[in-house]
Amino acid sequence: MPRPILATIHPAALQHNLARNRQAAPDAKVWAVVKANAYGHGIERVFDGLRSADGFALLDLAEAWRVRELGWRGPILLLEGVFEARDLELCSRLDLWHTVHCDEQIDMLAACKTHVGHRVFLKMNSGMNRLGFTPERYRSAWARLNALPQVDEISLMTHFSDADGGQGIAAQMACFAEVTRDLPGERSLSNSAASLRHADAVAASDWIRPGISLYGSSPDHPEHLAADWGLQPAMTLAAKIIAVQDLAQGTSVGYGSRFVADVPMRIGVVACGYADGYPRVCPSGTPVLVAGVRSRLVGRVSMDMIAVDLTPVPQAGMGSEVTLWGRAGNGVVLGIDEVAQAAGTLGYELMCALAQRVPVQVSD
Ligand SMILES: *Cc1c(COP(=O)(O)O)cnc(C)c1O
(Lines give C-alpha, C1' and ligand atoms only; values in the text may rest on other atoms or scores of the structure.)
Protein backbone atom coordinates (compact mmCIF):
# COMPACT_ATOMS: atom_id res chain seq x y z
CA MET A 1 0.00 0.00 0.00
CA PRO A 2 1.32 3.47 -0.78
CA ARG A 3 1.98 5.79 2.10
CA PRO A 4 -1.42 7.21 3.10
CA ILE A 5 -1.14 10.82 2.00
CA LEU A 6 -2.96 12.36 -0.91
CA ALA A 7 -3.60 15.76 -2.43
CA THR A 8 -6.90 16.22 -4.24
CA ILE A 9 -7.62 18.93 -6.79
CA HIS A 10 -11.24 20.06 -7.05
CA PRO A 11 -12.25 21.19 -10.58
CA ALA A 12 -15.70 22.27 -9.39
CA ALA A 13 -14.08 24.64 -6.90
CA LEU A 14 -11.86 26.12 -9.62
CA GLN A 15 -14.91 26.67 -11.78
CA HIS A 16 -16.77 28.25 -8.89
CA ASN A 17 -13.87 30.56 -8.00
CA LEU A 18 -13.51 31.65 -11.61
CA ALA A 19 -17.21 32.51 -11.68
CA ARG A 20 -16.74 34.44 -8.43
CA ASN A 21 -14.03 36.55 -10.11
CA ARG A 22 -16.27 37.20 -13.10
CA GLN A 23 -18.96 38.39 -10.73
CA ALA A 24 -16.53 40.97 -9.31
CA ALA A 25 -15.74 42.36 -12.78
CA PRO A 26 -18.64 41.30 -15.02
CA ASP A 27 -17.46 43.19 -18.09
CA ALA A 28 -13.83 42.17 -17.94
CA LYS A 29 -12.16 39.20 -19.57
CA VAL A 30 -10.26 36.89 -17.25
CA TRP A 31 -6.66 35.79 -17.48
CA ALA A 32 -6.51 32.68 -15.32
CA VAL A 33 -3.01 32.90 -13.83
CA VAL A 34 -1.45 29.44 -13.91
CA LYS A 35 2.20 30.31 -13.31
CA ALA A 36 4.30 28.07 -11.04
CA ASN A 37 2.53 24.99 -12.36
CA ALA A 38 -0.84 26.48 -11.49
CA TYR A 39 0.30 27.50 -7.99
CA GLY A 40 1.39 23.93 -7.32
CA HIS A 41 -1.88 22.34 -8.44
CA GLY A 42 -0.57 21.15 -11.82
CA ILE A 43 -1.50 22.84 -15.10
CA GLU A 44 -2.96 19.64 -16.56
CA ARG A 45 -5.07 19.14 -13.44
CA VAL A 46 -6.60 22.62 -13.34
CA PHE A 47 -7.17 23.00 -17.05
CA ASP A 48 -10.66 21.54 -17.15
CA GLY A 49 -11.87 23.58 -14.18
CA LEU A 50 -10.51 26.80 -15.70
CA ARG A 51 -11.23 26.26 -19.37
CA SER A 52 -13.99 28.85 -19.41
CA ALA A 53 -11.35 31.54 -18.74
CA ASP A 54 -10.64 33.94 -21.62
CA GLY A 55 -6.93 33.28 -21.48
CA PHE A 56 -4.12 31.74 -19.45
CA ALA A 57 -1.31 33.83 -18.00
CA LEU A 58 2.03 32.34 -16.94
CA LEU A 59 5.76 32.97 -17.02
CA ASP A 60 7.44 29.99 -18.48
CA LEU A 61 7.63 28.99 -22.14
CA ALA A 62 7.54 25.31 -21.22
CA GLU A 63 4.30 25.91 -19.33
CA ALA A 64 2.85 27.77 -22.31
CA TRP A 65 3.73 24.77 -24.43
CA ARG A 66 1.87 22.50 -22.01
CA VAL A 67 -1.25 24.67 -22.22
CA ARG A 68 -1.16 24.44 -26.02
CA GLU A 69 -0.65 20.66 -25.77
CA LEU A 70 -3.91 20.51 -23.82
CA GLY A 71 -5.61 21.87 -26.91
CA TRP A 72 -6.04 25.49 -25.79
CA ARG A 73 -6.22 27.75 -28.83
CA GLY A 74 -7.17 30.95 -27.03
CA PRO A 75 -4.87 33.66 -25.69
CA ILE A 76 -1.81 32.88 -23.56
CA LEU A 77 0.12 35.73 -21.95
CA LEU A 78 3.73 35.61 -20.78
CA LEU A 79 3.63 37.80 -17.66
CA GLU A 80 7.37 38.57 -17.69
CA GLY A 81 7.71 38.56 -21.46
CA VAL A 82 10.65 36.97 -23.23
CA PHE A 83 14.03 36.36 -21.61
CA GLU A 84 16.09 36.13 -24.79
CA ALA A 85 15.67 36.90 -28.48
CA ARG A 86 15.00 33.36 -29.61
CA ASP A 87 11.99 33.14 -27.25
CA LEU A 88 10.25 35.41 -29.77
CA GLU A 89 10.27 32.62 -32.35
CA LEU A 90 8.40 30.40 -29.96
CA CYS A 91 5.97 33.23 -29.23
CA SER A 92 5.17 33.29 -32.94
CA ARG A 93 4.99 29.53 -33.25
CA LEU A 94 2.74 29.06 -30.19
CA ASP A 95 0.88 32.32 -30.74
CA LEU A 96 1.79 33.76 -27.33
CA TRP A 97 1.07 37.29 -26.25
CA HIS A 98 3.91 38.72 -24.25
CA THR A 99 4.61 41.44 -21.76
CA VAL A 100 7.16 44.10 -22.66
CA HIS A 101 8.63 45.68 -19.55
CA CYS A 102 12.09 46.94 -20.56
CA ASP A 103 14.07 48.48 -23.44
CA GLU A 104 15.97 45.26 -24.04
CA GLN A 105 12.74 43.47 -24.93
CA ILE A 106 11.88 46.21 -27.43
CA ASP A 107 15.38 45.85 -28.92
CA MET A 108 14.80 42.11 -29.37
CA LEU A 109 11.49 42.74 -31.11
CA ALA A 110 13.03 45.38 -33.36
CA ALA A 111 15.75 42.91 -34.40
CA CYS A 112 13.53 39.91 -34.97
CA LYS A 113 12.35 38.66 -38.35
CA THR A 114 8.74 37.74 -38.05
CA HIS A 115 5.87 37.25 -40.45
CA VAL A 116 3.05 37.50 -37.97
CA GLY A 117 2.76 40.60 -35.83
CA HIS A 118 3.34 40.25 -32.10
CA ARG A 119 0.66 41.07 -29.60
CA VAL A 120 2.27 42.75 -26.61
CA PHE A 121 1.24 44.02 -23.18
CA LEU A 122 3.30 47.10 -22.34
CA LYS A 123 3.91 47.20 -18.62
CA MET A 124 4.02 50.34 -16.54
CA ASN A 125 5.91 50.48 -13.28
CA SER A 126 3.37 52.53 -11.36
CA GLY A 127 5.03 52.00 -7.99
CA MET A 128 5.81 48.30 -7.47
CA ASN A 129 9.34 48.83 -8.81
CA ARG A 130 9.84 45.32 -10.10
CA LEU A 131 9.03 45.32 -13.81
CA GLY A 132 7.91 47.99 -16.21
CA PHE A 133 8.60 51.44 -17.62
CA THR A 134 8.29 54.38 -15.25
CA PRO A 135 5.39 56.75 -15.93
CA GLU A 136 7.90 59.24 -17.37
CA ARG A 137 9.22 56.71 -19.89
CA TYR A 138 6.03 54.81 -20.64
CA ARG A 139 4.76 56.87 -23.55
CA SER A 140 8.06 56.87 -25.39
CA ALA A 141 8.23 53.07 -25.02
CA TRP A 142 4.71 52.89 -26.44
CA ALA A 143 5.68 55.10 -29.39
CA ARG A 144 8.75 53.01 -30.09
CA LEU A 145 6.73 49.78 -30.04
CA ASN A 146 3.98 51.33 -32.11
CA ALA A 147 6.48 52.16 -34.85
CA LEU A 148 7.73 48.58 -35.15
CA PRO A 149 6.38 46.50 -38.03
CA GLN A 150 6.91 43.42 -35.84
CA VAL A 151 4.20 44.61 -33.42
CA ASP A 152 0.59 44.09 -34.24
CA GLU A 153 -1.26 45.30 -31.20
CA ILE A 154 -0.29 46.97 -27.93
CA SER A 155 -2.24 46.50 -24.70
CA LEU A 156 -1.51 48.36 -21.49
CA MET A 157 -0.86 46.85 -18.10
CA THR A 158 0.32 47.54 -14.60
CA HIS A 159 0.47 45.65 -11.31
CA PHE A 160 -0.51 46.89 -7.85
CA SER A 161 1.79 46.60 -4.85
CA ASP A 162 -0.80 47.21 -2.11
CA ALA A 163 -4.11 45.92 -3.38
CA ASP A 164 -4.36 43.65 -0.34
CA GLY A 165 -3.59 46.30 2.30
CA GLY A 166 -4.52 49.67 3.71
CA GLN A 167 -2.65 51.72 1.15
CA GLY A 168 -4.86 50.37 -1.63
CA ILE A 169 -4.59 51.08 -5.33
CA ALA A 170 -5.78 54.67 -5.71
CA ALA A 171 -2.40 56.31 -6.32
CA GLN A 172 -1.24 53.69 -8.81
CA MET A 173 -4.62 53.75 -10.56
CA ALA A 174 -4.47 57.53 -10.90
CA CYS A 175 -0.94 57.42 -12.25
CA PHE A 176 -1.80 54.72 -14.80
CA ALA A 177 -4.98 56.49 -15.90
CA GLU A 178 -3.20 59.81 -16.34
CA VAL A 179 -0.27 58.47 -18.37
CA THR A 180 -2.39 56.20 -20.60
CA ARG A 181 -5.47 58.41 -20.93
CA ASP A 182 -5.36 58.87 -24.72
CA LEU A 183 -3.52 55.68 -25.67
CA PRO A 184 -5.53 53.06 -27.53
CA GLY A 185 -5.51 49.40 -26.51
CA GLU A 186 -6.92 47.06 -23.91
CA ARG A 187 -6.12 47.56 -20.22
CA SER A 188 -5.14 44.90 -17.70
CA LEU A 189 -4.64 45.96 -14.12
CA SER A 190 -5.66 43.70 -11.36
CA ASN A 191 -4.60 40.60 -9.45
CA SER A 192 -7.01 38.80 -7.10
CA ALA A 193 -6.81 41.33 -4.32
CA ALA A 194 -7.52 44.28 -6.61
CA SER A 195 -10.38 42.47 -8.37
CA LEU A 196 -12.11 41.49 -5.14
CA ARG A 197 -11.35 44.45 -2.86
CA HIS A 198 -11.46 47.24 -5.41
CA ALA A 199 -14.01 45.89 -7.85
CA ASP A 200 -15.48 49.34 -8.51
CA ALA A 201 -12.14 50.86 -9.36
CA VAL A 202 -11.01 48.13 -11.73
CA ALA A 203 -14.39 47.36 -13.30
CA ALA A 204 -13.51 49.43 -16.32
CA SER A 205 -10.45 47.40 -17.25
CA ASP A 206 -10.59 44.92 -20.10
CA TRP A 207 -8.75 42.06 -18.41
CA ILE A 208 -8.40 41.00 -14.79
CA ARG A 209 -5.60 38.64 -13.73
CA PRO A 210 -6.69 36.52 -10.78
CA GLY A 211 -4.36 33.85 -9.48
CA ILE A 212 -4.66 33.00 -5.80
CA SER A 213 -8.42 33.46 -5.60
CA LEU A 214 -8.94 30.85 -8.34
CA TYR A 215 -7.29 28.36 -6.03
CA GLY A 216 -9.56 29.28 -3.14
CA SER A 217 -7.17 31.18 -0.91
CA SER A 218 -7.97 34.67 0.33
CA PRO A 219 -5.80 37.43 -1.16
CA ASP A 220 -6.10 39.44 2.06
CA HIS A 221 -6.14 36.94 4.88
CA PRO A 222 -6.70 37.42 7.81
CA GLU A 223 -8.76 40.53 7.09
CA HIS A 224 -11.02 38.30 5.00
CA LEU A 225 -11.23 34.53 5.03
CA ALA A 226 -11.60 32.71 1.73
CA ALA A 227 -15.18 31.93 2.78
CA ASP A 228 -15.89 35.67 3.24
CA TRP A 229 -15.08 36.10 -0.45
CA GLY A 230 -17.18 33.06 -1.35
CA LEU A 231 -14.12 31.08 -2.45
CA GLN A 232 -13.79 27.30 -2.19
CA PRO A 233 -10.53 25.39 -1.70
CA ALA A 234 -9.20 23.92 -4.94
CA MET A 235 -6.69 21.70 -3.13
CA THR A 236 -7.10 19.33 -0.21
CA LEU A 237 -4.08 17.78 1.48
CA ALA A 238 -5.07 14.79 3.57
CA ALA A 239 -3.24 11.93 5.25
CA LYS A 240 -4.02 9.16 7.70
CA ILE A 241 -3.16 8.32 11.27
CA ILE A 242 -0.53 5.56 11.22
CA ALA A 243 0.02 5.23 14.98
CA VAL A 244 -1.65 6.23 18.23
CA GLN A 245 0.13 7.09 21.47
CA ASP A 246 -1.17 7.68 24.97
CA LEU A 247 0.79 10.46 26.60
CA ALA A 248 0.93 10.41 30.39
CA GLN A 249 0.89 13.76 32.10
CA GLY A 250 4.33 15.39 31.81
CA THR A 251 5.50 13.31 28.82
CA SER A 252 6.29 14.81 25.43
CA VAL A 253 6.09 14.10 21.74
CA GLY A 254 8.50 14.68 18.88
CA TYR A 255 12.00 16.08 18.39
CA GLY A 256 13.16 18.44 21.07
CA SER A 257 10.31 17.38 23.37
CA ARG A 258 8.68 20.67 22.54
CA PHE A 259 5.15 19.66 23.43
CA VAL A 260 4.55 18.36 26.94
CA ALA A 261 1.15 16.94 27.88
CA ASP A 262 -0.23 18.77 30.90
CA VAL A 263 -2.97 16.16 31.24
CA PRO A 264 -3.08 12.55 30.01
CA MET A 265 -4.01 12.58 26.33
CA ARG A 266 -4.22 10.51 23.15
CA ILE A 267 -2.34 11.62 20.11
CA GLY A 268 -2.37 10.42 16.53
CA VAL A 269 0.78 10.21 14.41
CA VAL A 270 0.04 11.30 10.85
CA ALA A 271 1.77 10.35 7.58
CA CYS A 272 2.64 13.92 6.61
CA GLY A 273 5.76 15.94 7.29
CA TYR A 274 7.85 18.76 5.92
CA ALA A 275 9.09 16.58 3.06
CA ASP A 276 5.48 16.58 1.84
CA GLY A 277 5.30 20.37 1.89
CA TYR A 278 3.78 20.83 5.33
CA PRO A 279 5.77 23.71 6.85
CA ARG A 280 8.27 22.68 9.48
CA VAL A 281 7.79 25.99 11.27
CA CYS A 282 4.14 25.27 12.14
CA PRO A 283 3.94 25.43 15.93
CA SER A 284 1.90 23.30 18.33
CA GLY A 285 -1.65 24.53 18.09
CA THR A 286 -1.71 24.84 14.29
CA PRO A 287 -5.23 23.77 13.25
CA VAL A 288 -5.90 20.39 11.59
CA LEU A 289 -9.09 18.41 10.97
CA VAL A 290 -9.21 14.89 12.40
CA ALA A 291 -12.09 12.96 10.87
CA GLY A 292 -13.47 16.37 9.93
CA VAL A 293 -13.26 17.75 13.49
CA ARG A 294 -11.01 20.69 14.34
CA SER A 295 -8.03 19.77 16.42
CA ARG A 296 -4.40 20.83 16.62
CA LEU A 297 -0.85 19.92 15.83
CA VAL A 298 1.28 18.92 18.83
CA GLY A 299 5.08 18.91 18.87
CA ARG A 300 7.56 19.55 16.09
CA VAL A 301 6.86 18.76 12.48
CA SER A 302 9.33 16.11 11.35
CA MET A 303 10.26 15.05 7.83
CA ASP A 304 7.62 12.35 7.41
CA MET A 305 5.29 12.71 10.37
CA ILE A 306 3.37 15.06 12.59
CA ALA A 307 1.38 14.39 15.74
CA VAL A 308 -2.15 15.65 16.37
CA ASP A 309 -4.30 15.89 19.48
CA LEU A 310 -7.12 13.31 19.49
CA THR A 311 -8.84 14.76 22.57
CA PRO A 312 -11.68 16.42 20.60
CA VAL A 313 -12.23 13.24 18.53
CA PRO A 314 -12.18 10.24 20.87
CA GLN A 315 -13.57 7.96 18.15
CA ALA A 316 -10.52 8.65 15.91
CA GLY A 317 -7.70 6.13 15.72
CA MET A 318 -5.56 4.14 13.31
CA GLY A 319 -6.48 5.00 9.72
CA SER A 320 -8.56 8.08 10.55
CA GLU A 321 -8.46 10.87 8.00
CA VAL A 322 -6.48 13.98 8.89
CA THR A 323 -6.98 17.03 6.70
CA LEU A 324 -4.00 19.36 6.70
CA TRP A 325 -5.84 21.92 4.56
CA GLY A 326 -8.86 21.91 2.28
CA ARG A 327 -12.08 19.97 2.60
CA ALA A 328 -12.55 16.95 4.86
CA GLY A 329 -14.69 13.96 3.94
CA ASN A 330 -17.58 15.35 6.01
CA GLY A 331 -17.46 18.65 4.10
CA VAL A 332 -15.80 20.74 6.83
CA VAL A 333 -13.18 23.15 5.43
CA LEU A 334 -9.83 24.14 6.92
CA GLY A 335 -8.53 27.11 4.96
CA ILE A 336 -4.95 26.84 3.74
CA ASP A 337 -4.62 30.46 4.87
CA GLU A 338 -5.05 29.48 8.52
CA VAL A 339 -2.22 26.99 8.30
CA ALA A 340 -0.10 29.48 6.39
CA GLN A 341 -0.69 32.11 9.05
CA ALA A 342 0.46 29.70 11.76
CA ALA A 343 3.62 29.22 9.68
CA GLY A 344 4.09 32.98 9.26
CA THR A 345 3.49 32.84 5.52
CA LEU A 346 0.74 32.91 2.89
CA GLY A 347 -1.47 30.30 1.28
CA TYR A 348 0.47 31.00 -1.94
CA GLU A 349 3.67 29.55 -0.54
CA LEU A 350 2.06 26.42 0.89
CA MET A 351 0.24 25.41 -2.27
CA CYS A 352 3.29 26.08 -4.43
CA ALA A 353 5.43 23.96 -2.09
CA LEU A 354 3.37 20.78 -2.25
CA ALA A 355 6.11 18.18 -2.61
CA GLN A 356 6.70 15.96 -5.61
CA ARG A 357 6.38 12.82 -3.54
CA VAL A 358 2.74 13.51 -2.65
CA PRO A 359 0.39 11.67 -5.01
CA VAL A 360 -2.28 13.91 -6.50
CA GLN A 361 -5.74 12.98 -7.73
CA VAL A 362 -8.37 15.06 -9.46
CA SER A 363 -11.83 14.66 -7.96
CA ASP A 364 -14.90 14.42 -10.15
C1 LIG B 1 1.03 36.38 -10.16
C2 LIG B 1 0.47 37.55 -10.86
C3 LIG B 1 -0.91 37.81 -10.81
C4 LIG B 1 -1.86 37.01 -9.95
O5 LIG B 1 -1.75 37.47 -8.62
P6 LIG B 1 -2.66 36.85 -7.44
O7 LIG B 1 -2.28 37.66 -6.26
O8 LIG B 1 -2.26 35.42 -7.30
O9 LIG B 1 -4.06 37.01 -7.85
C10 LIG B 1 -1.39 38.87 -11.56
N11 LIG B 1 -0.56 39.63 -12.31
C12 LIG B 1 0.77 39.41 -12.37
C13 LIG B 1 1.62 40.30 -13.20
C14 LIG B 1 1.33 38.38 -11.65
O15 LIG B 1 2.64 38.16 -11.71
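Just a few scattered comments:
- Across q = 0.13, 0.16 Å⁻¹, the stretch 235-362 modelled as identical point scatterers on its alpha-carbon atoms has Debye log10 I(q)/I(0) values of -0.46, -0.71, in the order of the q list.
- For the listed peptides 96-104, 310-318, a ranking on the average number of other beta carbons within 10 Å per residue, highest first, reads 96-104, 310-318.
- Listed peptides 334-347, 140-153, 231-244 by packing density, highest first (mean Cβ within 10 Å): 231-244, 334-347, 140-153
- With contributions of -39500 (n - 2.57) from each DSSP H run of at least four residues, the per-residue ellipticity at 222 nm computed over the chain stands at -7500 deg cm²/dmol.
- Kirkwood Rh and Cα Rg combined as Rg over Rh, evaluated for the stretch 11-217: 0.95
- Dipole magnitude of the chain about its Cα centre (Cβ charges: Lys, Arg +1; Asp, Glu -1), debye to nearest 20: 560
- 1.4 Å probe accessible area per residue over the chain, in Å²: 43
- Protein accessible area in the chain, 1.4 Å probe - carbon and sulfur %: 52
- Here the chain was treated as a single set of alpha-carbon atoms; its pair distances binned every 20 Å from 0 give 28, 48, 21, 3 percent.
- Rounded to the nearest 10 degrees, the inclination of helix 135-146 to the longest alpha-carbon principal axis of the chain is 60 degrees.
- Pairwise FRET efficiency - Glu349 versus Arg137, Cβ, R0 = 30 Å, nearest 0.05: 0.35
- Helix 170-180 and the longest principal axis of the C-alpha atoms of the chain enclose an angle of approximately 30°.
- Model label points for Leu225 and Asn330, set 7 angstrom from Cα along the Cα-to-Cβ axis, are 1.6 nm apart.
- Nitroxide proxy distance, nm - points 7 Å out along Cα→Cβ at Arg258 and Arg181: 5.6
- Inter-label distance for Asn146 and Thr114, nm, one decimal - labels placed 7 Å from Cα along Cα-to-Cβ: 1.9
- Extension reserve of the Gln356-Ala19 stretch, reckoned as 0.36 nm per residue once the Cα distance is removed: 118.3 nm
The values are calculated or read from the model by the stated rules, or taken from the named source; none is laboratory data. Bear in mind that the values here come from a model prediction, so they are computed numbers and not experimental data. When we count neighbours, we look across all protein chains shown, and the Cβ atoms used for this are built from the backbone with ideal geometry, even at glycine. Side chains included, ligands, DNA and RNA excluded: accessible areas come from the protein's heavy atoms. Shrake-Rupley method; radii C 1.70, N 1.55, O 1.52, S 1.80 Å.
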